[in-house]
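One structure is given below, encoded as structure tokens.
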């Protein structure tokens, strides 16, 4: 399944928001938007306008260019399946994200039953 441009932008917004340990409500307040709108942007449900990106970037303390230029992220995006996995996780709430993480961790690093 191809990832849309809106989903890619939304993932970048969410990654930078979470790096600041902000809630959607906090970012919304700082960028003069509603939390539900920020959530829709992060999930790629709404197309974002340039002026909205400028508000979000300013609230995050960066330029629009900085919002999109991250070398660590570029490395991850080269591995398409990793990037698409991250985008898939970001579409869901934190509870589902943790559940998916626990399943993945158990699958890849099963606990030793003899411990």
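General remarks:
- Unmet requirement for residue 38, which otherwise passes all of (1) at pLDDT 95 or above; (2) surrounded by fewer than 21 Cβ atoms within 10 Å (Cβ to Cβ); (3) within 12 Å of the chain's Cα centre (by Cα): (2)
- Some residue of the range 23-35 being in contact with a helix residue (DSSP H, G or I) (Cβ under 8 Å, 6 or more places away or on another chain), touching a residue at least 60 places away in the same chain (Cβ under 8 Å) and either loosely packed, with under 14 Cβ neighbours inside 10 Å or on the phi < 0 side of the Ramachandran plot (or both): no
- Every pair of residues 6+ apart whose Cβ atoms lie under 7 Å, when the first sits in the range 47-68 and is in contact (Cβ under 8 Å) with a residue 12 or more places away in the chain while the second is in a loop (DSSP other than H, G, I, E, B) and exposed (fewer than 12 other Cβ atoms within 10 Å of the Cβ): 55/32
- Filter result for the condition that a residue is at pLDDT 85 or above and either assigned to a helix (DSSP H, G or I) or within 20 Å of residue 4 (Cβ to Cβ) (or both), over 95, 77: 95
- The range 56-68 - residue that is closer than 20 Å to residue 4 by Cβ and within 15 Å of the chain's Cα centre (by Cα) and, of those, modelled with the lowest pLDDT: 68
- Among the residues listed as 87, 53, the single one being surrounded by 14 or more Cβ atoms within 10 Å (Cβ to Cβ) and at pLDDT below 85: 87
The values are calculated or read from the model by the stated rules, or taken from the named source; none is laboratory data. Computed from a predicted model, the values in this text were never measured in an experiment. Note that we place each Cβ from the backbone using ideal geometry, even for glycine, and neighbour counts take in every protein chain shown.
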